[in-house]
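*Asks:* The structure is given below, and queries will be raised subsequently.
A short reminder: the numbers here are calculations on the coordinates, not readings from a lab. Small disclaimer: the values here were computed from a predicted structure and weren't measured. Cβ placement follows ideal geometry from the backbone for every residue including glycine, while neighbour counts extend to all protein chains displayed.
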Amino acid sequence: MKKKKWLVIIMAGLLMLSGCGSVTDQPVKSIKIGISVYDQYDTFVAQMMSAFNSYATKKQELTGITINVEIYNASGSQSTQNEQVESMIKEGYNVICINLVDRTDPTTIIDMAEKNNVPVIFFNRELVEEDLGRWDKLYYVGAEAFESGIMEGELAAEAFEEREQLDKNKDGIFQYIVLEGEVGHQDSIVRTEYSVNTIIQKGVPVEKLGYAIANWNRAQAQTKMSQLWEEYGDKIELVLANNDDMALGAIDALKAQNIPQKDWPAVVGIDGTDVGLEAVRDGEMIGTVYNDKEGQAASMLELAYTLSTDGDVSSIALMENNTIRLPYIKVSAKEAKEFTPPGAAGY
Ligand code: BGC
């Protein structure tokens, strides 16, 4: 009889030590969210990360749960990013958020995460549907690339119709060049296609003079624009840039060549970064398309928080295939002065 009692006590002690039973019922006191970005110097990604950090601080205040956020820079190397994920898994991060370096190569990350049962939220650099569908704890937060292309095309077409001086040679055709983001990035391919098609659909005839790949980067865009300007000069009536940083790089090139602003082509971008919006307000760009970094950051935080605590994602407005996509907003020169980013509900 006595022996049995001791056995029960020992068994209960062992259960407590091994962390079974009562331990899982304890409320979560702290969580760890690990993030790896493809390039910490990318303007859009950097601004999205700073929004994420400030929302995490706010969420911590609201919930009383300590939220540890660590952001790693993959510096453009997929193998570095894979190693970062490996060490985050070893260090016991609850959720990992990945801004893929190579959006066609998420396999190593997915395999490691699934094996160790750590959910992954991909963001901004979209993996293909088949990869996203490989495990039910994979998510994507971003936007619908084609929407931004359509809005950029609308901005260009509206400007051509409203401002006669943009048709420099008076031939009724909008002669354009494109500054493209990285080859293979969903936003480069889709934005270019939809912006040009939209201008045409709006009834403005176009002629493509040239294009250059500037990898989302302002300095590269300046170099490429200088070369295109040397080749086509005043024939360029429109610069369609896949993002604001490249639009600003084109403007840097025009300024460096001392071209008076009245002779500049129309320059249009996407993102509505702080510097981009400022250039639209100053009349240097004809418009931009707001890429809702606050909304994306807040959605990613909510999802990461939920996955790290009770894991019940039914309260999250997930769209098809575990995705969350925030809408873009068109910001013309007229709207820019009044425009304030929508901000994130609840923060
Ligand atoms: C943004 C770019 C950014 C890129 C990085 C795009 O959605 O518009 O500014 O450089 O994402 O992946």
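*Asks:* Send over the semi-axes of segment 99-201's equivalent ellipsoid, whole angstrom and largest first, taken as the square roots of 5 times the C-alpha gyration tensor eigenvalues. Show your work: numbers first, answer last.
*Replies:* Numbers: eigenvalues 319, 27, 15 Å².
Listed largest to smallest, the semi-axes of segment 99-201 are 40, 12, 9 Å.
*Asks:* List, in order, the whole-Hz ³J(HN,Hα) value for each residue of segment 331-342 obtained from phi through the Karplus relation with A = 6.51, B = -1.76, C = 1.60 and θ = phi - 60°; use x for Gly and Pro.
*Replies:* Residue by residue, segment 331-342 yields 10, 7, 4, 5, 7, 4, 5, 8, 6, 10, x, x Hz.
*Asks:* Continuing with the same structure: Could you work out, for segment 76-153, what percent of all Cα-Cα pairs fall into each 5 Å distance bin, beginning at 0 Å and stopping at the bin that holds the largest distance?
*Replies:* Each 5 Å bin holds this share of Cα pairs: 3, 15, 27, 24, 15, 7, 5, 3, 1, 0.
*Asks:* What's the magnitude of the charge dipole for segment 146-290 around its Cα centre, counting Lys and Arg as +1 and Asp and Glu as -1 at the beta-carbon? Answer in Debye, nearest 20.
*Replies:* Working: 12 positive and 27 negative charges, 58 e Å.
Around 280 debye, computed over segment 146-290.
*Asks:* Next question. Using Cα atoms only, what is the angle between the long axis of helix 2-17 and the major principal axis of the chain, expressed in degrees (0 to 90) to the nearest 10?
*Replies:* For helix 2-17, the angle is close to 10 degrees.
*Asks:* Starting with the highest mean, order 209-215, 332-338 by the number of other Cβ atoms within 10 Å, averaged over the residues of each peptide. It would help to have the intermediate numbers written out before the result.
*Replies:* Numbers: 209-215: 18.4, 332-338: 15.0.
Put in order of decreasing packing, that is 209-215, 332-338.
*Asks:* So what's the chain giving for Rg/Rh, alpha carbon basis, Kirkwood Rh from the mean inverse pair distance? Intermediate results must be reported in sequence, preceding the final value.
*Replies:* Details: Rg = 24.5 Å, Rh = 22.0 Å.
Expressed as Rg/Rh, it is 1.11.
*Asks:* So what is Rg over Rh here for segment 146-290, counting just Cα atoms and using Kirkwood for Rh? Write down the numbers at each step before the final one.
*Replies:* On the way: Rg = 13.3 Å, Rh = 14.5 Å.
Rounded to two decimals, Rg over Rh is 0.92.
*Asks:* Let me ask another. Taking H placed 1.01 Å from N in the peptide plane, check which residues at least 5 places from ILE316 or on another chain put their amide H under 5 Å from its amide H.
*Replies:* Close amide H contacts, sequence-distant or interchain: none at all.
*Asks:* Here is a follow-up. Express in % the proportion of alpha carbon pairs of segment 221-322 at distances exceeding 16 Å.
*Replies:* Numbers: 3222 of 5151 pairs.
More than 16 Å apart: 63 percent of the Cα pairs in segment 221-322.
*Asks:* Once the Cα atoms of helix 43-63 and of the chain are each reduced to a long axis, what angle between those two axes, in degrees from 0 to 90 to the nearest 10, is obtained?
*Replies:* It works out to around 40 degrees.
*Asks:* Quick one: 3J(HN,Hα) in Hz for segment 255-267, Karplus 6.51/-1.76/1.60 with θ = phi - 60°, rounded, Gly and Pro as x.
*Replies:* After applying 6.51 cos²θ - 1.76 cosθ + 1.60, I find 5, 4, 8, 6, 7, x, 4, 5, 9, 5, x, 5, 10 Hz.
*Asks:* If you don't mind, another one. Of ALA333, SER148, SER30, whose Cα points farthest to the positive end of the dipole of the chain (charges on the beta-carbon: +1 Lys, Arg; -1 Asp, Glu; origin at the Cα centre)?
*Replies:* Sorting the options by dipole projection puts first SER30.
*Asks:* Per residue of the chain, what 222 nm ellipticity follows from adding -39500 (n - 2.57) for every DSSP H run with n ≥ 4, rounded to the nearest 500? Numbers along the way, then the final one.
*Replies:* Numbers: 13 runs with 158 residues, N = 347.
So the helix-based figure for the chain works out to -14000 deg cm²/dmol.
*Asks:* Sticking with this structure for a sec: Between segment 121-196 and segment 25-95, how many Å separate their Cα centres?
*Replies:* 28
*Asks:* Now for a separate question. Short version: ³J(HN,Hα) in whole Hz for each residue of segment 138-144, in order, from phi by Karplus 6.51 cos²θ - 1.76 cosθ + 1.60 (θ = phi - 60°), x for Gly and Pro, what are they?
*Replies:* In residue order, the calculated couplings are 10, 9, 9, 10, x, 9, 8 Hz.
*Asks:* What is the extension gain from GLU70 to THR309, computed as 0.36 nm multiplied by their sequence separation minus the C-alpha to C-alpha distance, in nm to one decimal?
*Replies:* Numbers: separation 239, 0.36 × 239 = 86.04 nm, distance 1.75 nm.
Answer, rounded to one decimal: 84.3 nm.
*Asks:* Quick one: which of LYS59/LYS115; LYS168/LYS262; LYS59/LYS90 span more than 22 angstrom between C-alpha atoms?
*Replies:* Values: LYS59/LYS115 29 Å; LYS168/LYS262 11 Å; LYS59/LYS90 25 Å.
Correct reply: LYS59/LYS115; LYS59/LYS90.
*Asks:* Assign unit charges at the C-beta atoms only (+1 for Lys and Arg, -1 for Asp and Glu), then state the dipole size of the chain relative to its Cα centre in Debye, rounded to the nearest 20.
*Replies:* Working: 31 positive and 53 negative charges, 389 e Å.
The dipole of the chain has a size of about 1860 debye.
*Asks:* Along the positive direction of the dipole of the chain (beta-carbon charges: Lys, Arg +1; Asp, Glu -1; about the Cα centre), which of GLY64, ASN99, VAL183 reaches farthest?
*Replies:* Positive-end residue among those listed: GLY64.
*Asks:* Listing THR198, THR323 from the residue with the fewest other Cβ atoms within 10 Å to the one with the most, what is the order? Mind dumping the intermediate values first?
*Replies:* Details: THR198 20, THR323 16.
Ranking THR198, THR323 by Cβ neighbours within 10 Å, fewest first, gives THR323, THR198.
*Asks:* Which listed residue (ILE121, VAL275, ILE236) has the Cα farthest towards the positive end of the charge dipole for the chain, taking +1 on Lys and Arg C-beta and -1 on Asp and Glu C-beta about the Cα centre?
*Replies:* The Cα lying farthest towards the positive end belongs to ILE121.
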